[in-house]
Amino acid sequence: MRRGTNWRLAAALSLIVAAGSLTVSGPAAAAPVIRLAPAAPVQPADVAGSVDYLTRTYGVSVREAVRRLELQRTAGALQDVLARDHGDTFAGSWIDQENGGVLYVASTAAEKLAPALGAIPDRRHIRVVGARHSLRELAARAREASARLGLTPEQEPVINPQRNRVELHHGAADAVRGSAGRLALADDLGVTVVDSPTPTPQACTIRNCEAPMRGGLLLDFFDFNKNPKRSCTNGFNVHGSDGWQYTVTAGHCSKAGDGYYSRHAGLWVGRYNYPTYVSEIYPNDGIIMPYVVMNGFEYVTYWVVNPRNTVFNSRGSAQFPIYGMYSYSQIGVGWVACHTGQTSNNTRCGTVLTKDGGMVTDICTQSGDSGGPLFSEADHMAYGILHGGTHKVGNCTTRSYYSPLSKVFDSARSYSGITFNVNSAA
């Protein structure tokens, strides 16, 4: 019997569960009570862009917007605990901004988990729902699908916690649709092939800033002979296990080395050479460029000074600190995030609408914003860098697509053997 039949039935059950029809509670066989370390209250002035977005989009008060951002911060901490201590049953989480700013936590043992969350802050806005498969099971199925379907790293299967299933998007979906045999195998493996709009990379134009180098600043790209090529936006400051310092932006800004150098405000920033990693393919679109040494001067000594990692947040601070990063798997649908682009010349905030291997948001972006940072005002964490957009309205694309930093870094490690991570402002 083909396994696809069972998986289609399971997927149908999962859709019912994910819709919220199996919200459960009760003390029976409860897991131990989970407690999180206390966190300082979110201050509205520190998250002005995110508050403005939530109040405008959902018609909520400032107080309610702050509550939602505190719940988002809680979600990030809670999912780490659940993945660690309940990995066999935890099936993911997401926030529903449309319907009250509610955090959904999915589990294959929902009736046991629900009472264990009694001590979690804002518990009345947390719903525990049942799921057929844990994230651990879905991850194993994704690995099997990737191997048996012969997918490349850029075609990595996507785990959708809301639908409790493994999906193929973009290049992976195209590759499978191009072969009747692979399409049948995907069906047998219980993998869903999804029709996703193809984002158009933002063409490579804030503008003049002193050190330190920060996310959101203009980066002009030049070829090997220092002829101007295009302009993009800087992402984050990055360090490697080799002891070097790097910048990260969109890979298509370099065009595989055609953009050999980057410069800001007349001063050189990065260069393309080994061990530079570059990919132009979403959701791994990124380039990690070491800082330039030119005529004996190490530009890292000018650009990378304390604080060592900030973003230009036009709604808050020209040096908004970044303390770390979330991996792709940690970032939840419904989370509020902000992006700075040099063409937009400001910071705009929005929601993570879905995950298709990368992150799709409703943030307005413009041509030249590519590579700009996606980050959280609520907890100062980095998410990813802009690839491109769809649904163009005037100069603005209202669906923007971001490559997760964790995917760019994982691909870079496979290429160079170097482990990368974002700097901390601390």
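The values are calculated or read from the model by the stated rules, or taken from the named source; none is laboratory data. Treat the numbers as computed from the prediction; the structure is a model and nothing was measured. Ideal geometry is used to build each Cβ from the backbone, glycine not excepted, and the neighbour counts take in all protein chains shown. Note: accessible area is taken over every heavy atom of the protein model, side chains too, but ligands, DNA and RNA are not part of it. Shrake-Rupley method; radii C 1.70, N 1.55, O 1.52, S 1.80 Å.
Structure notes:
- Using only side-chain charges placed at the Cβ, +1 for Lys and Arg and -1 for Asp and Glu, the dipole size of the range 29-84 relative to its Cα centre rounds to 140 debye.
- Label-point separation in nm, Asp96 to Asp195, each point 7 Å along Cα→Cβ: 2.6 nm
- The packing ranking of peptides 335-348, 52-65, 257-270, highest mean first, is 335-348, 257-270, 52-65, where packing means the average number of other beta carbon atoms within 10 angstrom of each residue.
- A 1.4 Å probe run over the protein chains yields, for the range 216-276, 34 Å² of accessible area per residue, whole-number rounding.
- Dipole magnitude (debye, nearest 20) for the range 107-225, charges at Cβ of Lys, Arg, Asp, Glu: 660 debye
- Rg over Rh [alpha-carbon atoms, Kirkwood Rh] for the range 245-323: 1.00
- Here the convex hull built on the C-alpha positions of the range 190-244 has a volume of 212 cubic angstrom per residue.
- Sulfur and carbon atoms: percent of accessible area, the chain [1.4 Å]: 51 percent
- Separation of the Asp188 and Cys396 label points, Cα + 7 Å toward Cβ, nm: 4.9 nm
- Label-reachable residues, the range 155-191, where backbone N falls under 19 Å from a point 7 Å from Arg136's Cα toward its Cβ: 159-161, 164-166
- Whole-number Å³ per residue for the convex hull built on Cα positions in the range 129-252: 209 Å³
- Extent along the principal axes, Cα only, for the range 375-417: 43, 27, 10 Å, with the longest axis given first.
- Summed residue charge, Cβ within 12 Å of Ser317's Cβ, Lys/Arg positive, Asp/Glu negative: 0
- For the range 34-161, diffusion coefficient by Stokes-Einstein and Kirkwood Rh (Cα), 20 °C, 1.002 mPa s, µm²/s: 132 µm²/s
- Computed log₁₀ I(q)/I(0) - Debye formula, equal Cα scatterers, no solvent, the range 239-288, q 0.15, 0.19, 0.21, 0.26 Å⁻¹: -0.38, -0.61, -0.73, -1.02
- Average projected area [Cα convex hull, the range 246-383], square nanometres: 8.7 nm²
- Proximal aspartates and glutamates relative to Lys229, as straight alpha-carbon distance under 20 Å, when same-chain residues fewer than 8 apart are discounted: Asp220, Asp258, Glu280, Asp285, Asp369
- For Lys407, the lysines whose Cα comes closer than 23 Å to its Cα, not counting residues fewer than 8 places off in the same chain, are Lys255, Lys355.
- Rolling a 1.4 Å probe over the protein chains gives Ser107 an accessible area of about 0 Å².
- Rg followed by Dmax, in Å, when the chain is reduced to its Cα trace: 21.6, 71
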